[in-house]
Amino acid sequence: MTYFTFPNAPPLPEAEKLRGEVRAFLAEELRNVPAHVRAASWSGFDAQFSRRMGERGWIGMTWPKQYGGHERSSLERYVVLEEMLAVGAPVAAHWIADRQSGPLLLRFGTEEQRQNVLPKIAAGELFCCIGMSEPDSGSDLAAVRTRAEPVDGGFRVNGTKLWTTYGHRAHYMLLFCRTSGGPADRHKGTSQLLVDLTLPGITIRPIADLSGAKHFNEVVFENVFVPGSALIGEEGNGWHQVTSELAYERSGPERFLSSFVLFAELIRVLQRNPSDHATIAVGRLISHFVVLRQLSRGVAWLLQNGENPALEAAVVKDLGALVEQEIPDVVRSLVEIDPDSEQTRELARTLHYIVQAAPSFSLRGGTREILRGIIARGLGLR
Amino acid sequence: MSAGHWPMPAEEVMRLPYRSETAALLSESATRLFGAVNDGELRKAELGGWSETSWREVAEAGFPLAFVSEAGGGFGVAPAEAIELVRIAGYHAAPVPLAEAMLANRLLTEAGFAPVDRPATIAPVTGCTAFSLQREGAGWRIRGRAVGVPWARHAGTIVALADHDGSPFVVALNRTIAELEQRASLAGVPSDALTIDALLSNDDVRPAPTRWNCETLRAAGAALRVAEMAGALERVLELTVTYANERVQFGKPIGKQQAVQQSLAVLAGQVAACGGAAAIAGAAFDGLDIPSIAAAKARAGEAVSVAAPIAHQVHGAIGFTEEHRLHFFTRRLWAWRDEFGSERHWSAILGGQALAAGAEGLWPFVTAFGAPQEAR
């Protein structure tokens, strides 16, 4: 009995050529950026950087050329993603649009939406945010309360979205909301709207995270009129659409590389005189990264073949978050951090960032418990 | 894009271009063959015994030659696909030295010997100083001792690497020339000590092909153990899910309890990781790519350490009995994670290389795994 399928993604010589180009670009871009800043990785927002990515054709890589895409393979896109993450490039501005909003519009959006939005996303000029979580609807997405009442010419939207990453810097939200029925109807009566965040009646308030950093927001909709042309796909088909969006959200290498910059800093400190214990601990982490990458590239290959790897993506994300969250403690167990020492100062600052960011690694994009529930369903237990 | 139903329907799996037809046929026949072995035969192996019927069927199917080139009598299946046989043997806890015989025949034929039909195993499985060769008269004298040699007492041929003046040689030994001390692995299967002091003719000794030495032999064995571990862990998951769906407590199957579901999800994740490790090991086997095999064996061993306790926890007391078949798999897994190098052994090698790559070289070191024409 096979519960899941992780194919062997074939090595691609053209992807390796691309890797060289990306590395050269990043070496130049990040020359003077210290590790503790790069540690933010895909939480780091830099609109100019995203525009330069767009100029090189590294956003919307797999999309059709007619929508500004580049018709390259999922594995080539994978190479760009993992190279960005491994060194902590500030990719947050375009990340969500490239990963899930664009693919969602390609699959379900109207021709007008595709033509208006996709080329600008691919150019690194238009940024999107996710409109899923709410105050009373986190893991239980079907409890969505934000309502879009059908009115003449469109919808009137009322409700609140929460934990909206970079909502304050995004141009559009892909809003998951209820267009008919009530919470008791669960999956039925939900829809998705492509909402221009400059519309009147939208208030965006930043929420500081535990470290004081402001990247996520509360987004309040008060009688916001959204034109009917903003409807994505079919009215009432929101649940099916949003779950396919989640498969994109969970499938990438950002689900195991969040602490890689810290790992590299650990190597910098250890390499002069590593103990046996340290060498073994480092080797163990390498074995995890090598296997996670094997599985994650398999997911990219399934996507390339038009499969829906929702279960496999949940497995990789669950395994990946464990490693991401373990790395700060591996660092602490191997190095005596002295904030005064030149040798460990940057490691300490990077460690402090990751320690505080780590709780989010098993929350964002689906909590650990939700992912394990998906896996349990895949095993036939639910 | 197809709708998300799991497990993936067979016709969709077939559509994905992952394996050749010959490999699929081999896998099918191995599944049939090993699937028919009853628990009585498995118990016998755990008491050090031998299942001649099982071996005869394996030999007749030609499995021991699966790593041998077509010219040498093999099937001409890529080693990365032939290793699937070993995974299937692991899935069924097959009571025969299939991995050992496949490796022994590979080593024999690469060195220019003919392959053997009878059970074969390899030595040494650890260390580099086990056997030495000296010229004596018109032939050779081999001396030395190797421990933990799998299935040695039942093997007709022991294929050994021995050192002569700092160079490795492949030696085809008749098992009867060794003084054999019967020992058991953690799983109870034969894992014997061999003491050898014997004269060999020139026909029994060949210089080892360049890439074979005790370190690459250990890596090759490790790659095969990873494949067996992946198979056995899949079986452990299957047994545990089945049990959780059948065992009723508090008025419902225990698999309906969220706490149990979450544990089983963790178990499944480790099975996936071990499967990924097996894919890496399979691809690395032919080139004896040590870093890849090191990563695979280290990760597979850790997967066992997380997964086996969950399987036992879910099975409760019945899974802790001799009568229940769970231990055919968990005890082998515990033995295999140590054989041909433990997590500690392979992590140390891998860690040393990562540290040598340095902070800037760390990521390129990771991406070299699985890259085309890797230059290591």
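Tabulated data
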quantity: Residue within the range B:283-292 that is surrounded by fewer than 17 Cβ atoms within 10 Å (Cβ to Cβ) and either among the β-branched types (Val, Ile, Thr) or more than 12 Å from chain A (Cβ to nearest Cβ) (or both) present; calculated: yes
quantity: Hits in the range A:182-199 - residues which are part of a loop (DSSP other than H, G, I, E, B) and within 26 Å of the chain's Cα centre (by Cα); calculated: A:186, A:187, A:197, A:198, A:199
quantity: Close pairs (8 angstrom Cβ cut-off, 6 or more residues apart or separate chains): within 26 Å of residue A:315 (Cβ to Cβ) in the range A:7-18, among the basic types (Lys, Arg) anywhere; calculated: A:9/A:297
quantity: Subset of the range A:262-279 [more than 32 Å from the chain's Cα centre (by Cα), at the interface with chain B (Cβ under 9 Å from one of its Cβ atoms) and part of a helix (DSSP H, G or I)]; calculated: A:276
quantity: Positions within the range A:330-351 being of a type outside the set (Val, Ile, Thr), in contact (Cβ under 8 Å) with a residue 24 or more places away in the chain and in a helix (DSSP H, G or I), in sequence order; calculated: A:333, A:334, A:346, A:347, A:349, A:351
quantity: Among the candidates B:268, B:303, residue that is within 11 Å of chain A (Cβ to nearest Cβ), among the hydrophobic types (A, V, I, L, M, F, W, C) and within 23 Å of residue B:366 (Cα to Cα); calculated: B:303
quantity: Which numbered condition residue A:88 fails, given (1) out of contact with any Leu (no Cβ under 7 Å at 6 or more places or on another chain); (2) at pLDDT below 95; calculated: (2)
quantity: Pairs where the first residue, in the range A:65-81, is without any contact (Cβ under 8 Å) to a residue 40 or more places away in the chain and the second is of a type in the set (Lys, Arg), C-beta under 8 Å, 6+ apart; calculated: A:71/A:65
quantity: Residue list for the range B:218-259, restricted to those being acidic (Asp, Glu) and either on the phi > 0 side of the Ramachandran plot or at the interface with chain A (Cβ under 10 Å from one of its Cβ atoms) (or both); calculated: B:234, B:238
quantity: Any hit, the range A:352-360, residues being in a helix (DSSP H, G or I) and farther than 22 Å from residue A:43 by Cβ; calculated: no
quantity: Long-range neighbours under 7 Å by Cβ, at least six apart or interchain, first residue within 18 Å of residue B:202 (Cβ to Cβ) within the range B:108-126, second among the small types (Gly, Ala, Ser) and buried (at least 20 other Cβ atoms within 10 Å of the Cβ); calculated: B:108/B:172; B:111/B:208; B:113/B:172
quantity: So residue B:216, is it buried (at least 23 other Cβ atoms within 10 Å of the Cβ), of a type in the set (S, T, N, Q) and part of a helix (DSSP H, G or I); calculated: no
quantity: Residue within the range B:42-58 that is modelled with pLDDT of 95 or more and surrounded by fewer than 17 Cβ atoms within 10 Å (Cβ to Cβ) present; calculated: yes
quantity: The one condition in (1) hydrophobic (A, V, I, L, M, F, W, C); (2) in contact with a Pro (Cβ under 9 Å, 6 or more places away or on another chain); (3) surrounded by 18 or more Cβ atoms within 10 Å (Cβ to Cβ) that residue A:106 fails to fulfil; calculated: (3)
quantity: Any hit, the range B:242-259, residues being in contact (Cβ under 8 Å) with a residue 60 or more places away in the chain and outside any helix (DSSP H, G or I); calculated: yes
quantity: The range A:242-261, residues that are at the interface with chain B (Cβ under 10 Å from one of its Cβ atoms) and closer than 20 Å to residue A:327 by Cα; calculated: A:257, A:260, A:261
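Okay, residues lined up against (1) in a loop (DSSP other than H, G, I, E, B); (2) surrounded by fewer than 24 Cβ atoms within 10 Å (Cβ to Cβ); (3) at negative phi:
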residue: A:48; (1), (2), (3): no, yes, yes
residue: A:51; (1), (2), (3): no, yes, yes
residue: A:58; (1), (2), (3): yes, no, yes
residue: A:97; (1), (2), (3): no, no, yes
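The values are calculated or read from the model by the stated rules, or taken from the named source; none is laboratory data. What you see is a predicted model, and the numbers here were worked out from it, not measured in a lab. When we count neighbours, we look across all protein chains shown, and the Cβ atoms used for this are built from the backbone with ideal geometry, even at glycine.
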